[in-house]
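A short worksheet on the structure shown next.
Read-outs: derived from the displayed coordinates by stated rules, not from any lab. These numbers were taken from a predicted model, which means no experiment stands behind them. Neighbour counts run over all protein chains shown; Cβ positions are idealised from the backbone, glycine included.
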Amino acid sequence: MAGTSCLAAGFDWSGRTIVAGRTSTTSHIESASVADSSAPTEWMVSCRRLAILCERLALCQSTERKTGTGGTAMGYGIMAYAVEIEVLRAPSTFAAEPQEFFDWMVQVHRSSLESEDRRTALEELFFSRPATGSEGFEYGYALKILCERFGGSLNNGHWYPVGSRGLDMIGEALAGLGVQFDPNDLAYSGSPVQLPQIDDFPAIGHLTRAEMVPLAKALEDVDLSTVEDRGVARAIAELREWCLFCTENGLDLVSFYH
């Protein structure tokens, strides 16, 4: 689905994130569609700081186009999240009450956890336990849930839907602008967390903040008016916003293709 409006989660009213008794200035944002007023109080929303971040990035569903980049009317696409990879590798250590947080998370995402295998995958990833299942896709979708809870969805109005041809078109345009980046990496560079092999979907990619720093600089310097296909130009503009948002806020990027 396309990116949705976002709220902050895990903030106290001073705009600092509460993580296992520590405080951090790192933003942890998540989709309003999964916000839940029954969350434990230390995980409740602080809208003040996120309002600034959301205004900057315009984290809202795009209504600008009717078809996907590359002319795709429906199909697969890229869903990108701003999140700290360090958190995804040991999520429970960033919760003040890990078991209570996990139980709450399961309730919030119950519609996505009808499969017992997926719930088990989520539990193993959250508590950093060895994988006991062999269905890699269950772990892939469980990782996406962790990205939603510990990170924030980025506006993907020009990346969903986008087929393989669309990814290639964006890559060709980037090359023409002198930017060295293959958009297929957003789908196929792999998970930042070790998972059982995924034979089909979701395909997963990621970029660290360190990798995005030079990419953001390169994208800031390009003239998108020279890109003939306006859908492709807008997709590149969104990619630029993703990179700028993540680098300015000390976040990595994890993306899913399905």
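Structure values in brief
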read-out: Relative exposure of HIS158, HIS258, HIS109, judged by other C-beta atoms within 10 Å (fewest first); value: HIS258, HIS109, HIS158
read-out: In region 80-130, the GluC sites (Glu not before Pro) that fall in loop regions by DSSP, at most 16 other Cβ within 10 Å; value: GLU114
read-out: Extension gain, LYS217 back to ASP185 (0.36 nm per residue minus Cα-Cα distance, nm); value: 9.7 nm
read-out: Peptides 239-246, 189-196, 162-169, 127-134 ordered by average Cβ neighbours within 10 Å, highest first; value: 239-246, 162-169, 189-196, 127-134
read-out: Long-range amide H partners of VAL162 with built H, under 5 Å; value: TYR76, GLY77, ILE78
